[in-house]
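Asker: Have a look at this one before I ask anything.
What follows draws every value from the coordinates through simple rules; no lab data is involved. This structure is a prediction, so every number in the text was calculated from the model and none was measured. A quick note on method: Cβ atoms are made from the backbone with ideal geometry, for glycine too, and the neighbour counts reach across all protein chains shown.
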Amino acid sequence: MPHGPIAPRAPGRRVRFGRDDRAIVTRLLTFDTQDGRRWDALLYRPRRGEPSRRRLAVVVVHGSVGNYLTGVPRKVSFGLAGAGFTVLSINTRMANYGVFFGAGLMHKTPLDIDAAVDLVRRLGYRRIALCGFSMGATMVTNYQAQVHPENVVGVCTMAHPASLPISLRRRWERLGATPSYEQVTEQAREKLMPDPESSPNDRIFVVRRAVGPSDAPLDAEIWTYRTWWFSRGPDAPHAESRQQIGGVSVPIAIIQAGHDELMDASEGPELAGLARMGGAPAVLLDSIPGASHVFDGYDGQLIDAAVGWLDTLVES
């Protein structure tokens, strides 16, 4: 698959997409969920490398308004496959327009991840790691803590928020978003109750100054009340990693961005502490100095950190 090179803006191992991925075989796949949904995925198989790494499959899950082909999932998938791991980068019901048009029900994403894990098993892999970026970090943490799936031997999270609702609320308050978090909560209750999942009154709404200080479209967010309620609302425990991470029963790595503009610096240490208190077999907390939330220009350091941790899961 042709890709233009992405030049990093900071020191570290250079990942030259489109030039160093010729040793990777890619294959477009689909997988079906128990509730009848079908999602896309891209399988990355290294042509060569250490057999022990190739036997570990990594399922990569996207972040907010993301998908399996762009941004951090794209960089990480090519980087991990280039290091010799087998990678399956997946879509979920939260990908792209699912958030905009009401289909992105976050509490149902365990069905998506479970179907992807089952696909990896059917491809013959018996050791599987989950890797989630941002909102994807929340999703894989909730999934492992609730399901404890067979063959999943580790969870790697990147730019992991302790709480999606609280992170969003803090950001909106700092930027003076309009409508405010409290106003959206009230509006969502009026539109969706008593049955938020199937209410016919769901509507699209726009929040100004949601991700930046101006009224320009670039700094706005678009949601439906339903998708917002189930992923950022005040009654969404599955969106609260601080409530879920104590149930993670496999080794976990929490790789944070050192200059994350969307999250508080205390969130990574909080999650690591809660994971240890919950009895996770091993907990790694790492940070990439200078990196923004999307690790732009720091993809080499991010991939190196993930590879180093994944090697602790590899069986010779």
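Asker: Taking 22 Å as R0, compute the FRET efficiency from the Cβ-Cβ separation of residue 243 and residue 282 and round it to 0.05.
Answerer: Plugging the Cβ-Cβ distance into 1/(1 + (r/R0)^6) gives 0.55.
Asker: Rank-order 50-60, 26-36 by packing density, defined as the average count of other C-beta atoms within 10 Å over each peptide's residues, highest first.
Answerer: Working: 50-60: 20.4, 26-36: 13.2.
Ranking, from highest mean packing down: 50-60, 26-36.
Asker: Each residue of segment 150-166 in turn: what ³J(HN,Hα) in whole Hz from Karplus with 6.51, -1.76, 1.60 and θ = phi - 60°, glycine and Pro shown as x?
Answerer: 5, 6, 7, 10, x, 10, 10, 10, 10, 6, 8, x, 5, 8, 4, x, 5
Asker: By how many degrees, between 0 and 90 and to the nearest 10, does the Cα long axis of helix 267-278 differ from the longest principal axis of the chain?
Answerer: Long axis of 267-278 versus the principal axis of the chain: about 70 degrees.
Asker: I want to make sure I understand the PRE zone here: with the label point 7 angstrom from the Cα of residue 183 toward its beta carbon, which residues in segment 71-112 have backbone N atoms less than 17 Å away?
Answerer: Hits in segment 71-112 for residue 183 at 17 Å: none.
Asker: Next question, about the same structure. Taking θ as phi - 60°, what are the ³J(HN,Hα) couplings along segment 118-126 by the Karplus curve (6.51, -1.76, 1.60), each to the nearest whole Hz, with x for Gly and Pro?
Answerer: Ordered by residue, 3J(HN,Hα) equals 5, 4, 4, 4, 5, 7, x, 9, 10 Hz.
Asker: For the charge dipole of segment 106-153, defined by +1 on Lys and Arg C-beta atoms and -1 on Asp and Glu C-beta atoms about the Cα centroid, which residue among 153, 115, 137 has the Cα displaced farthest towards the positive pole?
Answerer: 153
Asker: Applying a 10 Å radius around every beta-carbon, put 188-198, 77-87, 228-238 in order of their mean neighbour count, most first. The partial results should precede the final answer.
Answerer: Details: 188-198: 14.3, 77-87: 24.9, 228-238: 20.5.
The peptides rank, most packed first, as 77-87, 228-238, 188-198.
Asker: From Cα pairs below 8 angstrom and at least 6 apart in sequence, can you work out the relative contact order of segment 59-119, rounded to a whole percent?
Answerer: Values: 72 pairs, mean separation 21.2, N = 61.
The value is 35 percent.
Asker: Gain in length, residue 47 to residue 235, computed as 0.36 nm per residue apart minus the alpha-carbon separation, to one decimal in nm?
Answerer: Here the answer is 63.1 nm.
Asker: Taking the Cα centre of the chain as origin and charging only Cβ (+1 Lys, Arg; -1 Asp, Glu), how large is the dipole, in debye to the nearest 20?
Answerer: 1160 debye
Asker: Relative to the present Cα-Cα distance, how much length would full extension add between residue 197 and residue 214 at 0.36 nm per residue of separation?
Answerer: Length gained, residue 197 through residue 214: 2.9 nm.
Asker: Pull up all non-local amide H partners of residue 66: gap of 5 or more, or a different chain, and H-to-H distance under 5 Å with H placed in the peptide plane.
Answerer: HN-HN under 5 Å from residue 66: 96.
Asker: I've got another one for you. Quick one: check the C-alpha center-to-center distance for segment 215-291 versus segment 115-187, whole angstrom.
Answerer: With segment 215-291 and segment 115-187 each reduced to a Cα centre, they are spaced 7 Å.
Asker: I need the phi-derived Karplus couplings for segment 70-87: 6.51 cos²θ - 1.76 cosθ + 1.60, θ = phi - 60°, integer Hz, Gly and Pro marked x.
Answerer: Whole-Hz 3J(HN,Hα) from phi for segment 70-87: 10, x, 4, x, 5, 5, 5, 4, 5, x, 5, 5, x, 7, x, 8, 7, 10.
Asker: List the residues whose amide H sits under 5 Å from the amide H of residue 129, counting only those 5 or more places along or on another chain, with H placed 1.01 Å from N in the peptide plane.
Answerer: For residue 129, whose amide H was placed from the backbone, the distant partners under 5 Å are 57, 58, 59, 153.
Asker: Which of the peptides 136-142, 66-72, 250-256 is most tightly packed, and how do the rest follow, judged by the mean count of other Cβ atoms within 10 Å per residue? Numbers along the way, then the final one.
Answerer: Values: 136-142: 28.3, 66-72: 19.6, 250-256: 23.9.
Taking the mean over residues of other Cβ atoms within 10 Å, the ranking is 136-142, 250-256, 66-72.
Asker: Follow-up question, since we're still on this one. Among bridges DSSP assigns within the chain, what percent are antiparallel (round to 5)?
Answerer: Working: 18 of 45 bridges.
Antiparallel bridges: around 40 percent, rounded to the nearest 5.
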